[in-house]
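*Asks:* The structure follows.
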Amino acid sequence: MQEEQLTKPNRRLSRRTLLSAILILVVIPATILMGIYLLNDRKYYFISLLIILYTMLPFAMVFEKRKPQARELIVIAVLAAIAVAGRSAFFMLPQFKPVVAIVIIAGVSFGAEAGFLVGATAGFVSNFFFGQGPWTPWQMFSFGIIGFIAGILFQKGLLRRRKLSLCVFGGLSTLVIYGGIINLGSATIFSPSFSWQSLLAVYASGFWFDLVHAIATVFFLFIISKPMLEKLDRIKVKYGLIERE
């Protein structure tokens with residue numbers, strides 16, 4: 001019964017997930033744009049902290065019988081720390097990082113909200129080593145949205161826990177979603193005035209970096225997805241973190 005709960009989650013989206021979707025798809029992008037156009041990209045620490053606050057709200061809401069446990073948040077924090085450590089460990093290889101792979105695993109194992117929280121936190125904390133700047137909120141959102149989508153697709157049965165399914169999703173999402181959002185952010189941040197020509201130039205110049213990043217995500221998912229998911233399953237069973245109705 002426990003194994004079935006782990007591999008075949010309830011496909012009905014919870015109120016917590018729906019709230020998260022509103023915050024992630026509407027409120028967070030609006031906050032990033034506010035930072036650009038109202039705060040002149042100079043309050044990126046403030047915007048970054050707001051993003052984390054928004055992401056934590058669903059965990060504080062009492063919409064369901066099952067309330068998030070402290071031990072669940074600890075596991076999520078550990079996953080974020082692993083993502084930060086992984087990004088730092090491969091600092092000498094530009095774009096070849098395991099962050100997206102770990103974020104996808106978090107979303108599949110603990111749900112869409114956890115996937116976004118791990119990604120957003122990893123992007124914010126790791127930039128204390130790589131450098132904070134107006135790009136930080138964009139990176140936080142890019143990492144987080146992939147984890148959120150992974151959790152939703154897995155819950156709906158459209159993403160499997162198999163290596164092939166995870167690798168295909170990881171490669172495409174890194175190339176299209178992460179690369180697409182980051183390149184849009186770069187065009188917005190570094191261009192004095194937005195134009196389609198400058199945006200196209202940013203996408204063209206960043207394609208190979210995005211491709212390397214996508215290859216890295218596929219590589220790390222192929223290597224670590226199975227052992228990490230198995231270990232996280234054991235933790236969920238041992239500490240009663242399986243979602244209940």
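A short reminder: the numbers here are calculations on the coordinates, not readings from a lab. The structure presented is a predicted model; accordingly, all values stated were derived computationally and were not measured. Using ideal geometry, Cβ is built from the backbone for each residue, glycine included, and neighbour counts are taken over all protein chains shown.
*Asks:* ³J(HN,Hα) across the range 174-189 via Karplus (A = 6.51, B = -1.76, C = 1.60, θ = phi - 60°), whole Hz, x for Gly/Pro?
*Replies:* 5, 5, 8, 7, 4, x, x, 6, 5, 5, 4, x, 4, 5, 6, 6
*Asks:* Go through the range 135-197 and name the chymotrypsin sites (Phe, Trp or Tyr not before Pro) that are in a DSSP coil and have 11 or fewer other Cβ atoms within 10 Å of their Cβ.
*Replies:* Values: sites: Trp135, Trp138, Phe141, Phe143, Phe148, Phe154, Phe169, Tyr178, Phe190, Phe194, Trp196; in loops: Trp135, Phe194.
Of the chymotrypsin sites (Phe, Trp or Tyr not before Pro), the ones in loops of the range 135-197 whose Cβ has at most 11 other Cβ atoms within 10 Å are Phe194.
*Asks:* Also, I was wondering about something else. Between Arg234 and Leu73, what is 0.36 nm times their sequence separation minus the Cα-Cα distance? Round to one decimal in nm.
*Replies:* 56.3 nm
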